[in-house]
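The next block holds one structure in the form of structure tokens; read it before the comments.
The values are calculated or read from the model by the stated rules, or taken from the named source; none is laboratory data. Every value quoted in this text rests on a predicted model; they were computed, and no experiment measured them. Positions of Cβ are backbone-derived with ideal geometry, glycine not excepted, and every protein chain shown enters the neighbour counts.
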Amino acid sequence: MKTTAALALGLLGSVWLTAAAQEKGEAPKLDGKYTLVSGKINGKAVGDDAKKGEYTFTGDKITIRAMDLKFVMGYKLDAKTSPTNIDMEILEGPEGTKGTKAAGVVELKGDTLKLAYMIDKDKRAKDFDGKDGFYFELKKAGKKKD
């Protein structure tokens, strides 16, 4: 179940930030729907099934529906860091996943959001190379790929 929880946290990678909010150190507004473009788990590409999921942000929660699973996660952002830090926790999900936590970073360029994180206790992803932990690239729903 830990792998399922990790994948769910990775799929939530749909955090949407505004460049202005990042520059000012303000918490970005994340409400909206997103699509997964690509991702890596410990350096290996994620499968196409993950790209078919639905990712919705409302307030301080993320709902992910993917691969016949549903997860609800809480998240907190620290926009005073560069890149912006994100802390996440599964609030609802399949048995054994509730309470799983992850720490990482997010970055926005144009309409592309990058999210990298680790679920290892006391470790935080610091870049977007995807070699260790999880890395996901997402786009605001309705936007075309570059």
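Having 2 or more residues that are among the aromatic types (Phe, Trp, Tyr) and closer than 23 Å to Lys121 by Cα is the bar; report the strands (runs of 3 or more DSSP E) wholly within region 33-98 that clear it.
Working: elements: 54-58, 61-66, 69-78, 84-92.
Where strands (runs of 3 or more DSSP E) fall fully within region 33-98 and carry at least 2 residues being among the aromatic types (Phe, Trp, Tyr) and closer than 23 Å to Lys121 by Cα, they are 69-78.
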Has region 91-111 got at least one residue that is under 13 Å from the mean Cα position of the chain (by Cα) and hydroxyl-bearing (Ser, Thr, Tyr)? no
Return the total of residues in region 84-106 being buried (at least 20 other Cβ atoms within 10 Å of the Cβ), touching a helix residue (DSSP H, G or I) at 6+ places or on another chain (Cβ under 8 Å) and of a type outside the set (S, T, N, Q). 4
Log entry, pairs with first residue in region 107-127 being more than 22 Å from Ala141 (Cα to Cα) and buried (at least 22 other Cβ atoms within 10 Å of the Cβ), second being modelled with pLDDT under 85 and aromatic (Phe, Trp, Tyr), beta carbons closer than 8 Å, six or more apart or on different chains, reads none
Over region 38-53, the set of residues under 19 Å from Tyr75 (Cβ atoms) and either surrounded by fewer than 14 Cβ atoms within 10 Å (Cβ to Cβ) or at pLDDT below 85 (or both) is Ala50
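From Ala66, Ala19, Ala79, which residue is exposed (fewer than 15 other Cβ atoms within 10 Å of the Cβ), at pLDDT below 90 and small (Gly, Ala, Ser)? Spell out the reasoning first.
Values: Ala66 fails: exposed (fewer than 15 other Cβ atoms within 10 Å of the Cβ); Ala79 fails: exposed (fewer than 15 other Cβ atoms within 10 Å of the Cβ).
Being exposed (fewer than 15 other Cβ atoms within 10 Å of the Cβ), at pLDDT below 90 and small (Gly, Ala, Ser) holds for just one of Ala66, Ala19, Ala79, which is Ala19.
Against the condition more than 21 Å from Lys101 (Cα to Cα), surrounded by 12 or more Cβ atoms within 10 Å (Cβ to Cβ), modelled with pLDDT of 80 or more and not hydrophobic (A, V, I, L, M, F, W, C), how does Tyr34 come out, does it pass? Walk me through it before giving the result.
Values: more than 21 Å from Lys101 (Cα to Cα): yes; surrounded by 12 or more Cβ atoms within 10 Å (Cβ to Cβ): yes; modelled with pLDDT of 80 or more: yes; not hydrophobic (A, V, I, L, M, F, W, C): yes.
Here the answer is yes, as Tyr34 does meet what is asked.
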